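See structure below.
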Amino acid sequence: MTPIHTAFLPLICLASLALISCGEQAATETATSAAATTSESAADPQAEATNETSAAPAPQQDAVAPPNIVVFLIDTQRADYLQSYGHAAATSPNLKAFADDALIFDHAYAAASSTSPSHASIFTSTYPQTHGVWNRVMLGTGEEEKAIYPSLGYKSVTLAEVLEDGGYETAGICDGGNLQINRGLAQGFTTWDSNFLGAHNRVERAQKWLAEERKSREPFFLFLHTYQGHTP
C-alpha cells in the first residue's frame, strides 16, 4: 500500500466526516420521503400499486480497464546465472530488483530446446508435435541434402491474434535469427520488427514504438526478444 503523507490526514478526516454527514442527511431525507410516500400511498391505492411495480435500476459497476502486457524474452538465458535464482555474483541487479516485487516461477519448462519451436509453443499454447515448427529439418542425403525451416501454419491461433481481436495494439520487436517473418510467428502482430541488432537496440526500438508509433490509447501487447544472452 502506498504510504499517505501526514499532511493529508486532516483533509482525509474532514472528507470522511463530510461523507458521513452527507450520508446521514441523505438517510434522513430518504426516510422522510419514504414516510411521505407511504402516507400518500395509503390515501391513494393507485399510487401504491405504481410504487410496488416500480423497481430501482440495478447499480452499474465500473468496467475494469484491460492491462497492458509486456513479454521480454531473453533467448537461452540460464536461470542459475541470475541473482533472483540464487547466483552469488551481481549478474543481473535490475532483474533482481524487478523480481523482488514480482511473482517468480521456480519450475518452468520450455517445450523445446531451440528458438523457433519454443516461441511457437509460447504463442499458440501447443506442443511442437502439434504446431510443427522446428529450427530446421534436414531432408535428403549426400549432395542432395538440404535444410528446410518449417513455419507456423496460418490456421494456428496465436496469443497476438486473440489479443488483437480483443482490441489490443500488438507489436513484436525481435532480434532476428529464427524469429524472421517467414517463420510465421508474426501472426497477429500489427508491428513486427525482427533484426539482429542486440538488446540495447531492441529495447530502444520498443520504447520508440510505445512513445511514437502506437496509433491509439488502447491497451497494448508488446513482445520483446533478444539473442544477446545467446551470443554475448
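Since every read-out is calculated from the coordinates, none of them should be taken as a lab result. Being a predicted model, the structure only gives us computed values, none of them experimental. Reconstructed Cβ throughout: ideal geometry from the backbone, glycine too, with neighbour counts over all protein chains shown.
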* Asked: Check F72: other-chain or 5+ apart residues with amide H under 5 Å from its amide H, H built from backbone geometry?
  -> L224
* To do: Determine which residues of region 182-215 fall in the zone a paramagnetic label at H87 would reach in this model, i.e. backbone nitrogen under 17 Å from the point 7 Å along Cα→Cβ.
  => 199-200
* Structure fact -> Counting only residues 5 or more apart in sequence or on a different chain, those whose built amide H sits under 5 Å from that of S194 are C174
* Asked: How large is the dipole of region 99-232 about the Cα centre if only Lys and Arg carry +1 and Asp and Glu carry -1, each at its Cβ, rounded to the nearest 20 debye?
  -> 220
* **Charge sum, other residues only, whose C-beta stays under 13 Å from K208's C-beta, Lys/Arg counted +1 and Asp/Glu -1** => -1
* For Q207 paired with D62, estimate the spin-label separation in nm (one decimal), with each label point 7 Å from Cα along the Cα-to-Cβ line. => 3.2
